[in-house]
Amino acid sequence: MASVASLSASLQQRVSAALAAAVPSAAGADPLLRRSDRADFQANGVLGLAKRAKANPRELAEQVVAALPQDELLGRVEVSGPGFLNLTVADAAITANLAARADDPRLGVPEAADPGTTVLDYAQPNVAKEMHVGHLRSSVIGDAIAKILEFAGEKVIRRHHIGDWGTNFGMLIQYLVEHPHELDHTEGKDADAGEASMSRLDRLYKNARTLFDSDEGFKDRSRRRVVDLQAGDAETIALWRQIVDESKIYFYSVYDKLDIEIADADIVGESGYNDMLVETCDLLEKAGVAVWSNGALCVFFDDIKGKDGEPVPLIVRKTDGGFGYAATDLSAIRNRTIDLHADTLLYVVDVRQALHFKMVFETARRAGWLPDRVTARHLPFGTVLGPDGKPFKTRAGRSVRLEDLLDEAVERATAVVREKGEKIGLTEEEIAVNGRQVGIGAVKYADLSTSLGRDYVFDLDRMVSLNGDTSVYIQYAYARTKSIFRKAADDQKPAAHPELALAPAERALGLHLDAFADALAEVAATYEPHRLASYLFQLASLFTTFYEQCPVLTADSPAQVENRLFLCDLTARTLAQGLALLGIRTPERL
Ligand code: ARG
């Protein structure tokens, strides 16, 4: 199905043409079209143009108006103030434009004409460690960006760069060699397999750490074990895999709770680049990008200095011969641009790693692994704060367990859902399902509705509130559309009637629905999911106003009933599609 230009795109094009007709030198000038309170749209571009052409702006504006085509799109045009154009779209044009894409499952959103390949690095927890709220952000944001880009037609390759390599593993594996039953599943088949896995790993980690810190012999054996691991010794690798697999049970249980799908093939952690590390360092050294300094292989940058004014290098190989985080990330870039043919590399990672990525990207550019045609971007996100406004910690000062937060969110949401649900006759089972969809949606939405770089307070009361900028408010608007359809009589079906005049609330809703594709295009171009969240919240608010002001099933005429049902249907599908792109479900009855 061909996509339909939005009203704002059509207007933009008409006003541009009229500007060029009035002032030939203005061909291609931006009419600066915006949504406006006074009319549907306002074009402010005449002012600047008049200035440059040394013309009277009001007169020029009148000329532009005269040059605008008299067609079915524009209802009214006025010159206002010093030379603004106020543009009102004809009611019929709004309805007709929505109707033109009502049968399209993509709701008129075009697919990219020339899609590229994006490798998206997100959801990267660390093996044998508890996931924390930072991993929540990376997972939720990354999942939304993946879905949004894919919907736009981009080829997305997901990469979960998990921390599954490094010196810590020598200690863990050596402990397992000496205590072979440490990870045995003694608890039997438990319902909470993920939690059980994590507690086994936690115990392994603590015991190994205690021994490592107190027993020099064990420390030595652990260090030798790291060498065996890097050399690929079979017994060592088997134990390493046991630890990784145990961790995956835990990761998958958390992702399952989060309603985020992770494919095993996309989990390519730090270990996945082990075979490339030596070569990466050699290439950097031969190209003169990296130099040996105090026994370490380093890359230096003119503009990166520490507090003491000394340059801060990126260390690709440590003095003990080990490879660090940077060597792995540089190897991953080689893999992603050369083998996976990426045009864009995205990293959804905590803002605290900004310097690391700046140095890694710069190094890769110098080495020729990031040619100009490839864009590499760190999409940094801020910190999740506790109620006290400080980074989220438990009272005991430990970082908060992600699972506990999710469980609590679902519990609170279930209470909210139950209150209304009992009135509309939901079963216990339905209440439980909705409670999960509302609770997990609330956690995701709170995260996605804040612009990435900002910190936000994890406040469950606010997150599950029915009033305000929350997912449950949007989910509730969706459920309301569904309830209208359940109540409709058999002969009351959605159908567009462009011949009908629209009430103000219908116009506002229609114009906003019309802007869905434009909003999505902006989100895909900026990697800012919060713009989609705010589009959807606005859509839900406009629908609420429409619902209060415009009776649907008891409207004045059968045609008006159909037209309003048509608006309800398109609203429902737009809300569901938009929330799905954010990874949020839409219960049918709330
Ligand atoms: N595992 C890391 C952490 O938990 C995040 C990895 C980010 N991705 C990357 N390519 N470095 O902090």
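Listed here are the helices (runs of 4 or more DSSP H) enclosed by region 458-562 that have at least 3 residues being under 22 Å from the mean Cα position of the chain (by Cα): 460-463, 471-487, 516-526, 529-549.
Gly306 - would you say it is surrounded by fewer than 13 Cβ atoms within 10 Å (Cβ to Cβ) and more than 13 Å from the ligand (Cβ to nearest atom)? Answer is yes for this residue.
Which residues, taken from region 1-33, are among the charged types (D, E, K, R) and under 28 Å from Asp103 (Cα atoms)? Don't jump to the end; show me each part of the working.
In the first step, residues of region 1-33 are kept if they are among the charged types (D, E, K, R); the result is 14, 30.
The one that is among the charged types (D, E, K, R) and under 28 Å from Asp103 (Cα atoms): Arg14.
For region 339-372, which residues satisfy the criterion of being more than 9 Å from the ligand (Cβ to nearest atom), assigned to a helix (DSSP H, G or I) and either surrounded by 15 or more Cβ atoms within 10 Å (Cβ to Cβ) or not hydrophobic (A, V, I, L, M, F, W, C) (or both)? So that I can check it myself, show each step before the final result.
From region 339-372, those more than 9 Å from the ligand (Cβ to nearest atom) are 339-346, 351, 354-355, 358-359, 361-372; that's our starting set.
Filter again for assigned to a helix (DSSP H, G or I), leaving 339, 351, 354-355, 358-359, 361-367.
Residues satisfying the conditions are Asp339, Val351, Lys358, Met359, Phe361, Glu362, Thr363, Ala364, Arg365, Arg366, Ala367.
Closer than 18 Å to Leu582 by Cα, more than 15 Å from the ligand (Cβ to nearest atom) and surrounded by 24 or more Cβ atoms within 10 Å (Cβ to Cβ): is that true of Ala123 in this structure? No. The condition of being crowded, with 17+ Cβ neighbours inside 10 Å, more than 16 Å from the ligand (Cβ to nearest atom) and without any contact (Cβ under 8 Å) to a residue 24 or more places away in the chain holds for only one of Ala90, Ala96, that being Ala90.
Restrict the check to region 433-447 and report whether at least one residue is surrounded by 21 or more Cβ atoms within 10 Å (Cβ to Cβ), touching an Asp or Glu at 6+ places or on another chain (Cβ under 7 Å) and not acidic (Asp, Glu). Looking through region 433-447, at least one residue is surrounded by 21 or more Cβ atoms within 10 Å (Cβ to Cβ), touching an Asp or Glu at 6+ places or on another chain (Cβ under 7 Å) and not acidic (Asp, Glu).
So, Val133, is that one within 16 Å of the ligand (Cβ to nearest atom), within 29 Å of Ser399 (Cβ to Cβ) and either modelled with pLDDT under 95 or over 25 Å from the mean Cα position of the chain (by Cα) (or both) or not? Let's see the steps before the verdict.
Numbers: within 16 Å of the ligand (Cβ to nearest atom): yes; within 29 Å of Ser399 (Cβ to Cβ): yes; either modelled with pLDDT under 95 or over 25 Å from the mean Cα position of the chain (by Cα) (or both): yes.
It is true that Val133 is within 16 Å of the ligand (Cβ to nearest atom), within 29 Å of Ser399 (Cβ to Cβ) and either modelled with pLDDT under 95 or over 25 Å from the mean Cα position of the chain (by Cα) (or both).
Using the structure shown, decide if Leu149 is touching a residue at least 40 places away in the same chain (Cβ under 8 Å), within 24 Å of Asp329 (Cβ to Cβ), within 36 Å of the chain's Cα centre (by Cα) and crowded, with 20+ Cβ neighbours inside 10 Å. Yes; evaluated as a whole, the condition is true for this residue.
Scanning region 325-334 for residues that are touching a residue at least 60 places away in the same chain (Cβ under 8 Å) and more than 9 Å from the ligand (Cβ to nearest atom) yields a total of 0.
I'm checking my understanding of the structure. Among residues of region 142-201 that are over 22 Å from His341 (Cβ atoms) and among the aromatic types (Phe, Trp, Tyr), which one is nearest to the ligand (Cβ to nearest atom)?
So the residue we want is Trp165.
Of note, Asp264 satisfies the criterion of being within 31 Å of the chain's Cα centre (by Cα) and among the acidic types (Asp, Glu).
Residue by residue through region 313-327, note down the ones that are in a loop (DSSP other than H, G, I, E, B) and either at pLDDT 95 or above or crowded, with 19+ Cβ neighbours inside 10 Å (or both). Matches in region 313-327: Pro313 only. Since Ser271 meets every condition but one in (1) within 14 Å of the ligand (Cβ to nearest atom); (2) in a helix (DSSP H, G or I); (3) closer than 20 Å to His378 by Cβ, which condition does it not meet? That leaves (3) as the condition not met. Look at region 73-85: where a residue is free of Cβ contacts under 8 Å to residues at least 12 places away in the same chain and surrounded by fewer than 21 Cβ atoms within 10 Å (Cβ to Cβ), no partner that is part of a strand (DSSP E or B) and of a type in the set (Asp, Glu) sits 6+ places away or on another chain with Cβ atoms under 6 Å. Is it true that Gly217 is among the small types (Gly, Ala, Ser), assigned to a helix (DSSP H, G or I) and surrounded by fewer than 22 Cβ atoms within 10 Å (Cβ to Cβ)? In short, yes. Return only the number of the condition from (1) assigned to a loop (DSSP other than H, G, I, E, B); (2) modelled with pLDDT under 90 that Leu49 does not satisfy. That leaves (1) as the condition not met. When Glu285, Glu403, Glu362 are screened for being in contact with a Lys or Arg (Cβ under 8 Å, 6 or more places away or on another chain), of a type in the set (D, E, K, R) and more than 21 Å from Gly272 (Cβ to Cβ), only Glu403 passes.
The values are calculated or read from the model by the stated rules, or taken from the named source; none is laboratory data. All values derive from a computational prediction rather than experimental measurement. Heads up, the Cβs are rebuilt from the backbone with ideal geometry, glycines too, and the neighbour counts pull from every protein chain shown.
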